[in-house]
Structures are given as structure tokens and as C-alpha cells.
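The values are calculated or read from the model by the stated rules, or taken from the named source; none is laboratory data. Predicted, not measured: the structure shown is a model, and the values here were computed from it. All Cβ positions, even for glycine, are placed from backbone atoms using ideal geometry, and neighbour counts span all protein chains on display. For the accessible areas, the whole protein counts, side chains as well, though only heavy atoms, and no ligand, DNA or RNA atoms are used. Shrake-Rupley method; radii C 1.70, N 1.55, O 1.52, S 1.80 Å.
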Amino acid sequence: MPPKQMNTRMIKEALRYKFELGHSLERTATALKISKGVVAKYVGLSKAAGLDWGEIQAMTEAQLQARLLPGKYADGGNASYVYPDFAQVHRELSRKGMTLMLLWSEHQSNNAKGRTYQYSQYCEHYRRWAKTLKRSMRQTHRAGEKLFVDFAGPTLGLSDGTQAHIFVAALGASSYTFVLATAGQKTVHWIEGMVGALHFIGGTPQLIVPDNPRAVIAQCDRYEPRATDSVLDFARHYGVSILPARPHTPQDKAKAESAVQVVERWIMAKLRHASLASVDDANRAIRPLLKALNERGFQKLPGSRASVFTEIDAPALSSLPLQAYEVATFKTVRVHVDYHVEIERHHYSVPNALVGQSLDARLTRACVELLHRGQRVAVHARNTRAGGFTTLDVHMPAAHLAHRDWTPQRLIDWGLSIGVATGGLIQKLLERFKHPEHGYRAALGLLGLSKRYGKDRLEAACSLALTLGTCQYRHVKGILVSGRDQVKPTTPDLWSSPEHDHVRGAGYYQ
């Protein structure tokens, strides 16, 4: 049974002790043999009603009770007062810039001929009415301000034995709800759910409020939390901020907790016997149930999630970007001496001036972006060929760019301009490699010997090297250094004599 109401005479006497005699709460309670909490309650109600002892002393007991406990007379005991529609007041407070003072002044203007409460009484009535709502409903959420997100605890079983995880998002002011089945709860799935939610509501709020999972929050801190690089990249794309709830403080995201509970009861429970082959099947089954949930009327407030969203939240949302966000991952890479970075065993070029620097690689399904101090320095189409190279001309040094213009035939023609033996040896040298480019350096070095030793001597050395069956740069140079190009033997046996052991030992023609 509720506690018996203290009579008004005792209330008035307690207020006299406090306001006229100046006694403390404890001394007043002791003198009247009542609890200190009761004295504090009625002293607080008197201050909230704006009453001093002079006004209280002149009042009858009925008048005092009507001022201190106006809710008891709002619908019958004091019919002369116009009782506000606090359900509508609660809804209006969701709009940006709306205050109780403004709503009270409008209430007075609309009921100029009737008797209305003063501002303090108006606020007290509203607070009492708000306490009849669920705790999560008593919070005043601004229109378009926050989107609360979370994963439901239960999952939906699929026919292949796996589970579909249920992502839930709800707007603060209207409770407009979005549901998406995903394959897991990794970073990519959180971002997939948040992207789906933003495009479902057709706009972006100011804040997205998740819990503190490692997939979303890299550094969980009560005061300075930090989201992962991928989540921050998502937030930059849509112009929103990520504000995780405080650790172990579920009341910070009570709207999400309530939305998850509603989804479990009105969507997941209805699908408990459904045969779902895949996550896509689960999402197809969820869509009609989600539509019905959003159009279902509130129990204690006018309208439904859908109607309140259209009226309050939708106009307050910011517009979406032209393109939907594509999930990206980040990693740190170092530029090698060949001005390429390695990502998943493939090599991508960057400006050659960045050799030795550390870069941030932003990886999407189709693209690789390379960032230096936040600035994009290179972008490539993603390539999965292991060991391959993707190189842009603008990234190459001038010398490398010139070297790239060489072709096998160009080198052979240059050799033929010196002599048949030189051209033939260069052709054999390039044929040794699977990729002729690997022999370019040796070929250019061999052709460069003509500047030091002359074309005739180089031709003679190449002829001897071909006779000996070798086509390596170091062998030709060894012949030139030893001077053996001056003798042109008819057969290799000429070189088998003891006087040529030092040349043979050097490996010039082995």
C-alpha cells in the first residue's frame, strides 16, 4: 500500500518551522516527530511553487495543498486550470532550439481566457508526467542529433549451420529503427550496418553512438575514446562524429538497448521458425517486419516511429554524399629503394622522392590509395597478382624513364652497328633471361666498353667469347683487360696451353 498522505495542517506547521523560525530540516523533523525526508520534500515543493511564508500563512489548507500537489487536482479537484497536453510537449521538446519556457508561453497565449499554471508549476507537472514513461523514453533527444547503434545478443540460425548477426540502429527523437542481418560483428560488418542505416533514413545525423567494441573503438577511454581508422574514414565520408557510450554505462545508449529489445520481440521472435538459407534471405524476411514495426503506434505517445520520423527527424538530417561509402582498411607501408610499396605481395609505385618514407595505405575492394601525412600521393587500381608491379610514369626518375624506352631489338641493332659478333652476343645475352629487361643492364654495360677499348677491340672480344661459347659481360671485359682480344685463335685449343692458365683460372671463358 502507498504511504498515508500527511495532513495539510502538519505540512503547514513544518513549513512554518523552516521558513518563519529558520530551523534546519533535522531540527524541524525532531520537533514535529516526522522524518527529515518528508520535511525536505515539502520544503522543495514550496520553493518549486515559488511560495514564501507570508503567502503560505494566508492560504487555507485546501489552497496550500492545491499549490504544493497540483497534479492531484489537474483532472477534477481543480477544474479551473487548463491542463497541458504533455505528450505533445514531450514531442515538441525534440525539436532543435525548443525549451519548456517557450512551450509554456505558447500554452498561456493559446489559453488566454482560461486559468493556466505558472512556469514553475508547468515544469513540475511535466516532470511528474515524464516519470510515467519508460526510463529510456524520459531522455530528451534532439531531432536529427543522434543515431544509436548496436548488435542484438541473439542471432538468427541459417540452414548451413552458420548464424546471421542482427545490427540495429535507432534515431533518438523518433525511435525510427533500422535492422540489417550481417555475417559477423567485425569492423566491416559494423560499417556495413551504419552505411545501411544512413541510406535507410535518407540523411546523416550529427552523432553516431555505438558501444565500445574493439571492431569500432581502437582506444576505449571514458574521456578520450578513439575510433579505428576505418570507422573514422567512414565518419569523414558522411560528415558525422562517432561518440561511443561510456564504458559500462548502458544508460548512455538506452535508446539502442530499447530498440534491440523491440527488434527481438517483434522481428526475431517471428522469424524463429523461418528457414533461412543465407544472410540475404534473412534480410529479405526482415524488411516487411521492419516496415510494420516502424508503422506500429506508440503506447503512451501519439503517432508511430514512421510518422514522428517524417515530422521531426527527417527535416533535421543533413544530406547524404553523392556516393555510398566503400569499406576501406588501412595499413602502414614503407617505400622501398625502387620507389614501390608492397601490399599483399604486389608492388605499387609512388613518387620517387618518397623513397624511405612511411606511408598510409587505404585499401578498398577496387582501389589502393597511398597517403603521406594525410595527403594522397598515389592511387592505383587494386591488383592481386603476387610478385607483380604497377608503375606510373610520373613516379619514375628521369633516368629510369629513359631506360624504360630501350627494347631488345634496339640494343641488338646498336650491337650490329659495331659488328656482327657484338650484335650476336647481345642477342644471346638477352635470350638467357625469361624477361629480356633483366639483361638490359649487362647489354648496356657491354656496349659501353666500346668507349674505353674501341669498337674494333670490342668486336674482336665478342667474336672470341662466341667462339668460347660464353655470352656474359664479365667474360668479355676479362678478355679486353687481359689483351687476349688482340689474338684471334682458330680453335679454343689454342687457349689450353700453360701460358694462358691465369686467364683460364680467372674464369673468363669457362
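Structure values in brief
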read-out	value
Å² of accessible area per residue within the chain, as computed with a 1.4 Å probe and no ligands counted	54 Å²
Label-point gap, in nm, between residue 373 and residue 186 - each point 7 angstrom along Cα→Cβ	3.4 nm
Student exercise, the chain dipole from Lys, Arg, Asp, Glu Cβ charges, in Debye to nearest 20	1620 debye
Ordering of 35-47, 144-156 by packing [mean C-beta count within 10 Å, highest first]	144-156, 35-47
Among 289-301, 163-175, the order from most to least packed when residues are scored by Cβ within 10 Å on average	163-175, 289-301
Rg/Rh (Cα only; Kirkwood hydrodynamic radius) as it applies to the chain	1.34
Unit charges on C-beta of K, R, D, E only; dipole of the stretch 192-308, Debye	500 debye
Contour excess over end-to-end distance, with Cα ends at residue 41 and residue 21 and 0.36 nm allotted per residue	5.4 nm
Helix axis angle, 229-238 relative to the chain longest principal axis, alpha carbon, degrees	70 degrees
Of 12/36; 47/300; 47/131; 131/270; 41/131, pairs whose Cα-Cα distance is over 24 Å	47/300; 131/270
Ellipticity estimate at 222 nm from DSSP helix runs (n ≥ 4, -39,500 (n - 2.57)) divided over the chain, nearest 500	-12000 deg cm²/dmol
Kirkwood estimate for the stretch 109-256, i.e. one over the average of 1/r between Cα atoms, Å	17.3 Å
In order through the stretch 154-171: 3J(HN,Hα) via Karplus (6.51 cos²θ - 1.76 cosθ + 1.60), integer Hz, x for Gly, Pro	x, 10, 9, x, 9, 5, 8, x, 8, 10, 9, 8, 10, 8, 10, 9, 9, 6
The stretch 192-202 - phi-based ³J(HN,Hα) in whole Hz, Karplus 6.51/-1.76/1.60, Gly and Pro as x	4, x, 5, 4, x, 5, 5, 6, 5, 7, x
Crossing angle, helix 100-110 versus the chain [Cα axis fit, 0-90 degrees, rounded to tens]	50 degrees
Intensity falloff of the stretch 303-364 expressed as log10 I(q)/I(0), Debye formula with alpha-carbon point scatterers, at q = 0.26 Å⁻¹	-1.02
Crossing angle, helix 119-130 versus the chain [Cα axis fit, 0-90 degrees, rounded to tens]	70 degrees
For the stretch 342-356, 3J(HN,Hα) per residue [Karplus equation, 6.51 cos²θ - 1.76 cosθ + 1.60, θ = phi - 60°, Hz, x = Gly/Pro]	9, 9, 6, 6, 10, 10, 10, 7, 9, x, 5, 5, 8, 4, x
Ordering of 231-243, 101-113 by packing [mean C-beta count within 10 Å, highest first]	231-243, 101-113
Lys/Arg +1, Asp/Glu -1 at C-beta; the stretch 302-410 dipole; positive extreme among 323, 340, 381	340
Residue 162 paired with residue 100, simple spin-label distance in nm, labels 7 Å along Cα-to-beta-carbon	5.2 nm
Spin-label pair residue 111/residue 410, simplified geometry with 7 Å Cα→Cβ offset, distance in nm	9.2 nm
